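Encoded as structure tokens, the structure appears first; notes follow it.
The values are calculated or read from the model by the stated rules, or taken from the named source; none is laboratory data. It should be emphasised that the depicted structure is a prediction, and the values quoted were computed from it without experimental measurement. Heads up, the Cβs are rebuilt from the backbone with ideal geometry, glycines too, and the neighbour counts pull from every protein chain shown.
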Amino acid sequence: MSVQAVARRYATALADVSIQRGEAREVRQELLAWEDILRTNPNLRDVFANPTIALDQKRKVLNKLLEITRPRPTTVNFLKVLLQNQRLTELEEINRKFAQVLDDRAGVIAARVTTARSVPVATQQTLEAKLHQVTGKKVRIDYDTDPDLIGGLVARIGSTIFDGSVRNQLQQMKEKMAG
């Protein structure tokens with residue numbers, strides 16, 4: 001089974017529990033913090049990934065970290081299940097799927113908008129309303145900047161890309177002129 005399929009199963013189960021308990025947002029934040037811990041501590045990640053280290057030793061390491069970070073019981077149980085099933089090193093993909101499942105259940109769609117310069121708040125609200133009209137869903141937008149766009153914007157929603165950048169328009173003109 002692929003990592004994405006496994007991640008979706010774990011994410012869906014966690015979403016069921018965390019939504020039922022009314023703590024989906026908090027669990028999401030705690031798991032993002034754990035993802036960051038594993039990403040910034042390669043030795044720790046290696047310990048959890050190493051099959052020659054006994055599960056009991058890994059459990060001791062995890063329990064010590066849990067004492068320090070003090071996440072809520074739902075997060076603790078989930079991390080312990082991941083460790084038991086040797087999936088703790090796949091937390092990044094599980095987190096990505098968890099966010100998607102939560103968004104789907106809330107009727108929210110994620111979008112990434114890239115512009116040449118930062119976007120003023122009023123323009124962000126207008127853009128959010130326009131994307132809501134196009135998709136029919138509430139839109140959560142993450143903004144990036146890329147000066148190479150020159151102007152305009154590129155909006156990515158799932159696998160759909162709306163490219164209204166000046167760079168793209170110049171490229172299209174160049175292609176038309178070249179014949």
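Just one of the listed residues (Ile53, Ile37) is out of contact with any Gly (no Cβ under 8 Å at 6 or more places or on another chain) and more than 25 Å from Ile19 (Cα to Cα), and it is Ile53. Could you list all residues from region 128-177 that are among the acidic types (Asp, Glu) and free of Cβ contacts under 8 Å to residues at least 12 places away in the same chain? Scanning region 128-177 gives Asp163, Glu175. Ile68 meets the stated requirement of being assigned by TED's automatic domain parsing to the domain that holds Pro42 and over 24 Å from the mean Cα position of the chain (by Cα). The residue that is nearest to Pro42 (Cα to Cα), among those in region 56-114 that are part of a helix (DSSP H, G or I) and among the small types (Gly, Ala, Ser), is Ala99. Restricting Gln86, Gln100 to residues that are polar (S, T, N, Q) and without any contact (Cβ under 8 Å) to a residue 40 or more places away in the chain narrows the list to Gln86. Restricting the search to region 104-124, which residues are loosely packed, with under 14 Cβ neighbours inside 10 Å and over 22 Å from the mean Cα position of the chain (by Cα)? Result: Arg117, Pro120, Val121, Ala122, Thr123. Counting only residues that are free of Cβ contacts under 8 Å to residues at least 12 places away in the same chain, more than 15 Å from the chain's Cα centre (by Cα) and in a helix (DSSP H, G or I), region 7-43 holds 7 of them. Any residue at all in region 70-87 that's of a type outside the set (Phe, Trp, Tyr), farther than 20 Å from Ala33 by Cβ, buried (at least 16 other Cβ atoms within 10 Å of the Cβ) and touching an Asp or Glu at 6+ places or on another chain (Cβ under 7 Å)? Within region 70-87, none of the residues are of a type outside the set (Phe, Trp, Tyr), farther than 20 Å from Ala33 by Cβ, buried (at least 16 other Cβ atoms within 10 Å of the Cβ) and touching an Asp or Glu at 6+ places or on another chain (Cβ under 7 Å).
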